[in-house]
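A.B. asks: Let me begin by handing over the structure; questions about it come next.
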Amino acid sequence: MGGTNPYIQQPDVDLPTRKYKITFLPMNKTIEVDPERFPYDHNGLPGSVLDIALGNGIEIDHACGGVCACSTCHVVLKEGYDTTNEALEEEEDQLESAPDLKSTSRLACQCVPDGTKDVVVEIPSWNRNLVQEGH
Ligand code: FES
């Protein structure tokens, strides 16, 4: 599954107009994001943290295929939160069921940085554990 959820309003997104860097923790892998290559993958909004991660070999769990219908793609923005689109109520509702919620938590599939600053994203340990167990 992938694409967009027809049952929710689509978020208002400012796509980047230039390249920027996004670093994923704890693996500390930095990717140069090139907006001309969007979408990188076919899960989540084009240019979303999930789209960028999956398209560059970084696994983030995404049970609903990136359509804002689960909370498995929960990530925490360590830097650059202010460069991302505003979360819709539907995203906030899904996030409420994510464990270990932080003030800069987002759903990776709905979070699109605008590229005005570099971004640092932490993948929560419970999500990493899934990856290590090979799910
Ligand atoms: S993958 Fe389900 S909400 Fe992001």
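Please treat every number below as a calculation from the coordinates, not as lab data. Bear in mind the structure is a predicted one, so any value in this text is a computation, not a measurement. Methodologically, a virtual Cβ is constructed for each residue, glycine included, from the backbone with ideal geometry; neighbour enumeration extends over all protein chains shown.
A.B. asks: Return the lysines within reach of residue 19: Cα separation strictly under 23 angstrom, same-chain partners fewer than 8 residues apart disregarded; answer none if there are no such residues.
C.D. replies: Result set, ordered by chain and number: 29, 78, 117.
A.B. asks: Counting DSSP beta bridges in the chain, what percent are antiparallel, to the nearest 5? It would help to have the intermediate numbers written out before the result.
C.D. replies: Details: 12 of 16 bridges.
Here the antiparallel bridges make up roughly 75 percent for the chain.
A.B. asks: Separate question: Run the numbers on the chain and let me know its relative contact order in percent, using alpha-carbon pairs under 8 Å that are six or more apart. Numbers along the way, then the final one.
C.D. replies: Working: 283 pairs, mean separation 44.1, N = 135.
Relative contact order, the chain: 33 percent.
A.B. asks: Separate question: Using just the helices of the chain, give the 222 nm mean residue ellipticity in deg cm²/dmol: DSSP H runs with n ≥ 4 each add -39,500 (n - 2.57), and the total is spread over all residues, rounded to 500.
C.D. replies: Values: 3 runs with 21 residues, N = 135.
After summing the helix terms and dividing by the residues of the chain, the value is -4000 deg cm²/dmol.
A.B. asks: Once you put a point 7 Å from the Cα of residue 18 and another 7 Å from the Cα of residue 89, both along the Cβ direction, what distance in nm separates them?
C.D. replies: Simple spin-label model gives 3.8 nm for this pair.
A.B. asks: Using all alpha carbons of the chain, what is the percent of pairwise distances in each 5 Å bin, ordered from the shortest bin to the longest?
C.D. replies: 2, 12, 23, 27, 22, 11, 3, 0
A.B. asks: Follow-up. Hey, quick one: spin label on residue 34, modelled 7 Å out along Cα-Cβ, who in the range 57-92 has an amide N within reach, i.e. under 16 Å?
C.D. replies: Only 57 fall inside the zone, counting backbone N under 16 Å.
A.B. asks: For the range 1-70, calculate the relative contact order in percent as a whole number, restricting contacts to Cα pairs under 8 Å that are 6 or more residues apart.
C.D. replies: Details: 90 pairs, mean separation 23.6, N = 70.
After rounding, I find 34 percent.
A.B. asks: Still on this structure: With N set to the number of residues, divide the alpha-carbon radius of gyration of the range 6-66 by 2.2 N^0.38 Å and report two decimals. Walk me through the intermediate numbers first.
C.D. replies: Values: Rg = 12.0 Å, N = 61, 2.2 N^0.38 = 10.5 Å.
Computed over Cα atoms of the range 6-66, the ratio equals 1.14.
A.B. asks: Among 36, 86, 59, determine the one that fluctuates most according to a GNM of the chain built with springs between C-alpha atoms less than 10 Å apart.
C.D. replies: Greatest mean-square fluctuation among the candidates belongs to 36.
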